[in-house]
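> Next up is a structure, given as structure tokens.
The values are calculated or read from the model by the stated rules, or taken from the named source; none is laboratory data. What you are looking at is a predicted structure, and each value in this text was computed from that prediction instead of being measured. Don't worry about glycine lacking a Cβ; one is built from the backbone with ideal geometry, like all the others, and counts go over all protein chains shown. Accessible surface areas use protein heavy atoms only, side chains included; no ligands, DNA or RNA. Shrake-Rupley method; radii C 1.70, N 1.55, O 1.52, S 1.80 Å.
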Amino acid sequence: MEKGNVELKMPPDKASSSRLPVIGLGAKRKLDKENAPEPEKKRIRGPGTAVTIAISHPRVPTVATMPRAKKQEAAQKAPLKTGPWHTTAATTDVKSRKPVSTTSAPKPVSGVSPKTARKGSSKRPAWDVKGQLCDLRKEFSACQAQLQESMAALAKSQAEITTQAALLAERTEHLHGLEMERRYLHNQLQELKGNIRVFCRVRPALPGEPTPPPGLILFPPGPNGASEPSTRLSLTRPTDDRCSIIGGLPGPPLRYDFSFDRVFLPGSKQNEVFEEVSLLVQSALDGYPVCIFAYGQTGSGKTFTMEGGPGGDPQVEGLIPRAVRHLFSVARKLEAQGWSYTFVASYVEIYNETIRDLLACVGGAQKCQGTEYEIRLAGPGSKELIVTNAQYVPVSCEEEVEALLHLARQNRAVARTTQNEQSSRSHSVFQLQISGKHMGQNLHCAAPLNLVDLAGSERLDPGLSTGPADRERLKETQAINSSLSTLGLVIMALSNKEPHVPYRNSKLTYLLQNSLRGSAKMLMIVNISPLEENFSESLNSLRFASKVNQCVIGTARANKK
Ligand code: ADP
Ligand code: MG
């Protein structure tokens, strides 16, 4: 058998009707040798003999569409086939032949497929140009039908997209409406709770401290029993044998009752405190200025409440890192509703009516001692107050804020060793300026969130001498007492809607004035030591907090444009 031809052993009658495809130049050579017979000529060698068939227009399936076994078979049968114009029947006119395309026809969507349309052409002889043209026309019509169908499908998809986009816009609008309603209701709730709120937190006795006598601090249950959060606290003065015995009988112990918006017992965890505070943090995000103060004598737990406990344990993380995390997480969620938020952090300390920047480079607070830090308006026409020369750092994630808190701690540590433990004698103000924009609704809100660790509220030690160190201590204490009492007076003046509010009487109130007036929300957390030796300072703190608790600041309005 010659290469490229197909030889089949079959009976003559079947062989005569065979139209199997044959590929290869061998056919041409053989035909040349036999003096080129008719193109369609079949040579019958009799029953059982090999039949060589040469077909002018072979329909060899493309290799890509065949199973592997068939591909190999086809490859053996058509080793010289190299392109679409290759034909096997050497005897026919090349020009009249139809090219065999190796590229696959476009996939039909439905209806008449181009393959179906061309089916007839497989049986068409090469000379049937008209028929082939007819087939091509059919194929073209099928393609056109397909195209139309695809266009129709595309138009349908486009209409669907338009409908979905309209639906999305409607839902976004609805969601925005709900968000605005949530803000309104949240604010209503906060106002019902009071724009000035006071919490009391009693810290536990620390290892090494004497156990407080039972009954010194009591937490009476509220009117609805012990199941509801505690709001009351009673302090009972330890009986002094010398003064309380009247006529030989011990006098009744003096009991002081206080009631606050919430009282946290010594076992309360940081997350419980934050749970209550988070509502105010939310208000800051909604555009209401918020001020949270930690008040109390040195060692009562102010820094623990604000910054957290030692060791970086997440369980004892304070309000500042928790608030920051909460803000970023809510802001991220609001992004989906079209809001975009920016945050700028600053951290300053007010010691003896002098401002220092805790975010100056490490040790910078020392280096910058000659630097003037003054409270000024941010710009002409602006109502925003800033501290000149202080760092205002844009932040976008918790890690960035954590780095700033770390820097502030380092700066404080440097100051502590050289400036005689100032940290408990100064107010530290961590401020986050929050600014939110909704481009779609053309809304803008901006408000500061202030977290203030106040200086120890202990009173002047009567045992202080007139030496230079004690004189310094005296000055410090007077400055602290003055600024804390100014804070109380400012709150009271605001609550009584007095025409003059003495913000200027202290750097602290002057700096925070925009976060205290009319549209602001304020929370004071009064920290109490459980120790008997701190009784009178605890009583003093509770009295101050109680006065603040009686104040109500006018209806808050969000800073919206
Ligand atoms: P302040 O800032 O008021 O001077 P600190 O926050 O430094 O007081 O607290 C004094 C000590 O008491 C610290 O060792 C602190 O870790 C610890 N402390 C305060 N509050 C708590 C509390 N709720 N639980 C456990 N330890 C506390
Ligand atoms: Mg402290």
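> Of the numbered conditions (1) over 30 Å from Y256 (Cα atoms); (2) open to solvent by less than 20 Å² (accessible area, probe 1.4 Å); (3) under 34 Å from the mean Cα position of the chain (by Cα); (4) modelled with pLDDT of 80 or more, S506 satisfies every one except a single condition; which is it?
That leaves (3) as the condition not met.
> Turning to a different aspect of this structure: Where the second residue is part of a strand (DSSP E or B) and modelled with pLDDT under 95 and the first is farther than 14 Å from V290 by Cβ and lies in the stretch 314-326, which pairs have Cβ atoms under 8 Å and are six or more apart or on separate chains?
Once the first residue is farther than 14 Å from V290 by Cβ and sits in the stretch 314-326, its partners that are part of a strand (DSSP E or B) and modelled with pLDDT under 95 give V316/G308; E317/G308; G318/G308; P321/G308.
> Would the stretch 352-365 turn up any residue that is among the small types (G, A, S) and either open to solvent by 30 Å² or more (accessible area, probe 1.4 Å) or touching a Pro at 6+ places or on another chain (Cβ under 9 Å) (or both)? I'd like the intermediate steps shown before the answer.
The first filter runs over the stretch 352-365 and keeps only residues among the small types (G, A, S), leaving 360, 363-365.
When the remaining residues are screened for being either open to solvent by 30 Å² or more (accessible area, probe 1.4 Å) or touching a Pro at 6+ places or on another chain (Cβ under 9 Å) (or both), the result is none.
For the stretch 352-365, residues among the small types (G, A, S) and either open to solvent by 30 Å² or more (accessible area, probe 1.4 Å) or touching a Pro at 6+ places or on another chain (Cβ under 9 Å) (or both): absent.
> Next question. Take G177 and tell me if it is in contact with an Asp or Glu (Cβ under 7 Å, 6 or more places away or on another chain) and not aromatic (F, W, Y).
Values: in contact with an Asp or Glu (Cβ under 7 Å, 6 or more places away or on another chain): no; not aromatic (F, W, Y): yes.
It is false that G177 is in contact with an Asp or Glu (Cβ under 7 Å, 6 or more places away or on another chain) and not aromatic (F, W, Y).
> Which residue is nearest to G299 (Cα to Cα), if the candidates are limited to the stretch 197-208 and must be surrounded by 13 or more Cβ atoms within 10 Å (Cβ to Cβ) and within 9 Å of ligand 1 (Cβ to nearest atom)? Quick ask: steps written out before the conclusion?
Within the stretch 197-208, the subset surrounded by 13 or more Cβ atoms within 10 Å (Cβ to Cβ) is 197-205.
When the remaining residues are screened for being within 9 Å of ligand 1 (Cβ to nearest atom), the result is 201-204.
Details: R201: 13, V202: 11, R203: 9, P204: 11 Å.
Taking the candidates together, the pick is R203.
> Turning to a different aspect of this structure: One residue is enough: does the stretch 333-354 have a residue meeting the conditions more than 16 Å from ligand 2 (Cβ to nearest atom), out of contact with any Lys or Arg (no Cβ under 9 Å at 6 or more places or on another chain) and closer than 29 Å to N540 by Cα?
Scanning the stretch 333-354, I find no residue that is more than 16 Å from ligand 2 (Cβ to nearest atom), out of contact with any Lys or Arg (no Cβ under 9 Å at 6 or more places or on another chain) and closer than 29 Å to N540 by Cα, so the answer is no.
> Further question on the same structure: Check whether at least one residue in the stretch 440-455 is farther than 30 Å from R332 by Cβ, within 16 Å of ligand 1 (Cβ to nearest atom), at pLDDT 90 or above and open to solvent by less than 60 Å² (accessible area, probe 1.4 Å), and report yes or no.
To start, the set of residues in the stretch 440-455 that are farther than 30 Å from R332 by Cβ comprises 454-455.
The next check asks that each one be within 16 Å of ligand 1 (Cβ to nearest atom); those that pass are 454-455.
Keeping just the survivors that are at pLDDT 90 or above gives 454-455.
Still in the running and open to solvent by less than 60 Å² (accessible area, probe 1.4 Å): 454-455.
Yes, the conditions are met somewhere in the stretch 440-455.
> Would you pick out the residues in the stretch 286-304 that are touching a helix residue (DSSP H, G or I) at 6+ places or on another chain (Cβ under 6 Å) and outside any loop (DSSP other than H, G, I, E, B)?
Here is the first cut: in the stretch 286-304, the ones touching a helix residue (DSSP H, G or I) at 6+ places or on another chain (Cβ under 6 Å) are 286, 289-291, 294, 296-298.
Scanning the stretch 286-304 gives V290, C291, A294.
> Can you tell me which residues in the stretch 458-490 are at pLDDT 90 or above and touching a helix residue (DSSP H, G or I) at 6+ places or on another chain (Cβ under 7 Å)?
Across the stretch 458-490, the qualifying residues are S483, T486, L487, G488, V490.
> Taking the residues in the stretch 209-238 that are in a strand (DSSP E or B) and away from ligand 1 (no atom under 16 Å from the Cβ) as candidates, determine which candidate is surrounded by the fewest Cβ atoms within 10 Å (Cβ to Cβ). Steps first, answer last, please.
Pass one, the stretch 209-238, residues in a strand (DSSP E or B): 217-218, 222, 225, 232-236.
With away from ligand 1 (no atom under 16 Å from the Cβ) added as a condition, the list becomes 218, 222, 225, 232, 234-236.
Values: L218: 13, G222: 15, G225: 7, R232: 16, S234: 15, L235: 19, T236: 18.
The extreme case among them is G225.
> Would it be correct to say that V290 is of a type in the set (V, I, T), open to solvent by less than 10 Å² (accessible area, probe 1.4 Å) and within 16 Å of ligand 1 (Cβ to nearest atom)? Spell out how you get there, then give the answer.
Details: of a type in the set (V, I, T): yes; open to solvent by less than 10 Å² (accessible area, probe 1.4 Å): yes; within 16 Å of ligand 1 (Cβ to nearest atom): no.
So V290 does not fit the description; no.
> Restricting to the stretch 485-528, name every residue that is under 21 Å from S346 (Cβ atoms) and basic (K, R).
R504, K507, R517, K521
> Out of everything in the stretch 267-277 that is farther than 14 Å from I528 by Cα, open to solvent by 20 Å² or more (accessible area, probe 1.4 Å) and modelled with pLDDT of 90 or more, what residue ends up being farthest from ligand 2 (Cβ to nearest atom)? Give the steps one after another, and end with the answer.
Start the filter on the stretch 267-277 by keeping residues that are farther than 14 Å from I528 by Cα, which leaves 269-277.
Of the ones still in play, those that are also open to solvent by 20 Å² or more (accessible area, probe 1.4 Å) are 269, 271-272, 274-276.
In the following step, the residues that additionally are modelled with pLDDT of 90 or more were identified as 269, 271-272, 274-275.
Details: K269: 19, N271: 20, E272: 20, F274: 18, E275: 23 Å.
Top of the filtered list is E275.
> Then there is this: Hey, F264 hits all of (1) within 16 Å of ligand 2 (Cβ to nearest atom); (2) surrounded by 19 or more Cβ atoms within 10 Å (Cβ to Cβ) but one; which does it fall short on?
Among (1) within 16 Å of ligand 2 (Cβ to nearest atom); (2) surrounded by 19 or more Cβ atoms within 10 Å (Cβ to Cβ), F264 violates only (1).
> When you scan the stretch 492-533, how many residues do you find that are more than 14 Å from Y295 (Cβ to Cβ), in contact with a Ser or Thr (Cβ under 8 Å, 6 or more places away or on another chain) and within 16 Å of ligand 1 (Cβ to nearest atom)?
Summing the residues that are more than 14 Å from Y295 (Cβ to Cβ), in contact with a Ser or Thr (Cβ under 8 Å, 6 or more places away or on another chain) and within 16 Å of ligand 1 (Cβ to nearest atom) in the stretch 492-533 gives 0.
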